[in-house]
Each structure stands twice: as structure tokens, then as C-alpha cells.
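First the structure, in the form of C-alpha cells, and then the observations on it.
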Amino acid sequence: MAVNGKIALVTGAAQGLGRGFCEILLKNGAKVALLDVNKEVGNDLKASLDKEFGPDHTLFLTCDVTSEDQLSDAYQKTLEKFGKIDIVCNNAGIANERDWEKAVAVNLVAVVRSTYLALQHMKKQNGGQGGLIVNIASMAGLGPLLTSPVYTATKHGVVGFSRALAEASEACDFGVRLKVLCPTFVRTAIISTLSSEEYMGLFSCLHGFTEQMIGMFGMLEVPQVAEAFLQLVVEEGKNGSVLMVTPEITSYVEFPKSPTDVLSGNPSPSAPGSSPQ
Ligand SMILES: NC(=O)C1=CN([C@@H]2O[C@H](COP(=O)(O)OP(=O)(O)OC[C@H]3O[C@@H](n4cnc5c(N)ncnc54)[C@H](O)[C@@H]3O)[C@@H](O)[C@H]2O)C=CC1
Ligand SMILES: CCCCCC(=O)/C=C/C=C\C=C\C=C\[C@@H](O)[C@@H](O)CCCC(=O)O
């Protein structure tokens, strides 16, 4: 999808990866609705972007994505300001193994809700022009991050939900594509939570493993991930694709065609009478 002239909505836009995604979209000619729960940082970003791109290219909306009303209102205000939405990036996310229900609410429930709101406004059956939804998962959406079981679950959920909905969208001819971004560690504020007792709960004793994992998988800078995000946005087709980003390589993930393709080499026979007729 060409970015120039498009309207994008980004959650968790005030800092970190969300800010990087907004900036690269603006640099490529899009207008962007910036949604974030952090009003102060969000307003500071809006002021900074106004200086660089002009006041009419962005709209900052204070929005807690876990609030159905606030999220729905933010979509409405975006449509009132810009008239349409072509690209949605569900980026807002937290790490919190202590308050794991909050992590599920932000990282998964809100991503589902925002994706469905995007679909509601984009799909051709509702008079929409179609569009693209990019959900931000993580490498922890492709394999278990032992220090963060619930975070891992939410990111696996984002990958599975997005891939399934991509197939459903194609089958229903909604005209909406979905893609997933799975970066390894990125130098943002979330990294500081990895060694924090407050967030890691039961697993703060494992922070040594985090250092090992960072050593194993590397640490990216925000601009590197923003470039990969732009690649996902501009690349035509590839509905349901999952892009992994590491310091060494950025590559699409190849999933097995069927879950049975991952069975080990020595299967035991099923119990008699249990196999499907
Ligand atoms: N930093 C990393 O190592 C990686 C991050 N990710 C994912 O990238 C996304 C962005 O993370 P970062 O930029 O690293 O984190 P960050 O903590 O720097 O930024 C997250 C942004 O989301 C906002 N936010 C948090 N809860 C919110 C809520 N309820 N409603 C609205 N906004 C909310 C925060 O205010 C903040 O501006 C997350 O989904 C994260 O899981 C994925 C892989 C690696
Ligand atoms: C809890 C906040 C995490 C910070 C943000 C984030 O999402 C970072 C993810 C980075 C990397 C995740 C790597 C996951 C790896 C798993 O696949 C693991 O199973 C790999 C095991 C490697 C080994 O050989 O032991």
C-alpha cells in the first residue's frame, strides 16, 4: 500500500516503537491519529510533530485501549478529523507478570477490540475502502519467553488471532489485510521492566535469563523496527504474513501448513477407536 495520502491510526503512539511507526508514516506522506494513555508524553509528541510536519498532519487522542468507550471514541474522532482510516497499527503493549490480567487486557483483548473496530470501518460491506491492519506481537509470539509466560501468551494470541482473521477476511472478501510484526528486544522503556520486581512478579528471579536472551537474540533500535514496519505496510498482498525482525535479519516467518506437520518423528498410535472414521 502506498503511504502517501493515507490515514493511519497508531495505538501506544506517544513513545518507543509507536512513536517510531508514526514518524516513518508521516515522513512518507501519511496523516496519523496518535492514541496513547499517556496524555503528557502524547501532547509533547504532538507539539514536536506539529513543528516538523504541520498541525494538520496529526491528531493526538488520549485513549486507554482497554476502555471500549475510549477506543471507539478515538476511532470516531479520527474519522471526523480525517474522513477515513486506511492503516491501523495496534502497537500499545505492556509487560506485567504481576498484574497479568492488565497485560492480557492491553496486549490481547484491546488488540482484538481495536482490530474489530478497524474492520468495522474499513470493510467493503460497510461502505469502507478496505485497508491494512498491522498488529505488533514479538519474537515472544513465536516461542516462549520463560521470564514472561503471560506476555508470551498474549503475543502468541496476537499472532494466532491475526493469521486466522486474515484468512477469514480474505474468505469474506472484506478487502482488509492483516499482518504481524515480531521484533526481538528493542531499546525502549519496556526493557526496563524486565529486571523490575514490580512487573516481573514470580519471575524476577529469572532476570539473568533475560540478559542471556538479549545476548542470544540481540537488541534493536527503534528506527530499525520502523523500517521493517514500513516494509510490511508498503508491500502489496502478503495478507496474514508475519515478519520477524532481529539485528541480523528481517524475514517472513514460514509456518507449517498444518499443525500435524510439527509432530515428532516417533508418534505413538492413538487409542483404539479414537481415530476419526
Ligand atoms: N521493546 C521491545 O523489546 C519489544 C516490544 N514489542 C512490542 O512493541 C509494542 C510497543 O512497545 P515499546 O514501544 O517497546 O514499549 P513502550 O513502553 O516504550 O511504549 C508503549 C506505549 O504504549 C502506551 N500504552 C501502554 N498501555 C496503554 C493503554 N492501556 N492504552 C494506550 N496506550 C498504552 C504507553 O503509554 C507507551 O507510550 C508493545 O506491544 C510491545 O509488546 C515487541 C517486541 C520487542
Ligand atoms: C516481557 C517483555 C519482553 C520485552 C519485549 C519483547 O517482546 C522481547 C522479545 C524478545 C525475544 C524473545 C525471544 C523468545 C525466544 C523463545 O523462542 C525461546 O524459546 C528461545 C529459546 C532459545 C534457547 O535456545 O534456549
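The values are calculated or read from the model by the stated rules, or taken from the named source; none is laboratory data. All figures in this text were calculated on a predicted structure; none of them were measured in a lab. Glycine gets a Cβ as well: all are built from the backbone with ideal geometry, and neighbour counts include every protein chain shown. Note: areas computed on protein heavy atoms with side chains; ligands, DNA, RNA excluded. Shrake-Rupley method; radii C 1.70, N 1.55, O 1.52, S 1.80 Å.
Tabulated data
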quantity: Cα-Cα over 23 Å, subset of LYS39/LYS179; LYS46/LYS77; LYS6/LYS124; LYS6/LYS179; calculated: LYS39/LYS179
quantity: Proximal aspartates and glutamates relative to LYS81, as straight alpha-carbon distance under 16 Å, when same-chain residues fewer than 8 apart are discounted; calculated: ASP50, ASP56, ASP73
quantity: Where the chain is the region considered: accessible area per residue in Å², 1.4 Å probe; calculated: 48
quantity: Extended-chain gain in nm, criterion 0.36 nm per residue less alpha-carbon gap, SER264 and LEU146; calculated: 40.2 nm
quantity: Overall form of the stretch 182-277 per C-alpha gyration tensor (a/c, 1.5; a/b vs b/c); calculated: oblate
quantity: Separation between Cα centres of the stretch 1-80 and the stretch 114-183, rounded to whole Å; calculated: 19
quantity: The stretch 28-83 - percent relative contact order, Cα under 8 Å, separation 6 or more; calculated: 36
quantity: Three-way shape label, the stretch 163-237, alpha-carbon gyration tensor, a/c 1.5; calculated: prolate
quantity: For the stretch 86-161: rounded, prolate or oblate by the Cα gyration tensor [a/c cutoff 1.5]; calculated: prolate
quantity: Highest to lowest packing among 205-213, 220-228, 84-92, scored as the average C-beta count within 10 Å; calculated: 84-92, 220-228, 205-213
quantity: Set of aspartates and glutamates with alpha-carbon distance to LYS123 below 13 Å, sequence-local pairs under 8 removed; calculated: ASP86, GLU170, ASP173
quantity: Per-pair calculated FRET efficiency, R0 = 22 Å: SER192 and ASN28 via Cβ, rounded to 0.05; calculated: 0.15
quantity: The chain, relative contact order [Cα under 8 Å, separation at least 6], %; calculated: 17
quantity: The stretch 39-188: Cα Rg divided by the 2.2 N^0.38 Å rule of thumb; calculated: 1.09
quantity: Solution diffusion estimate, µm²/s, Stokes-Einstein, the chain, Kirkwood Rh from C-alpha pairs, 37 °C, viscosity 0.692 mPa s; calculated: 169
quantity: Accessible carbon and sulfur surface of the chain relative to its total accessible area, %, 1.4 Å; calculated: 54
quantity: The stretch 224-251 versus the stretch 188-203: alpha-carbon centroid distance in Å; calculated: 27
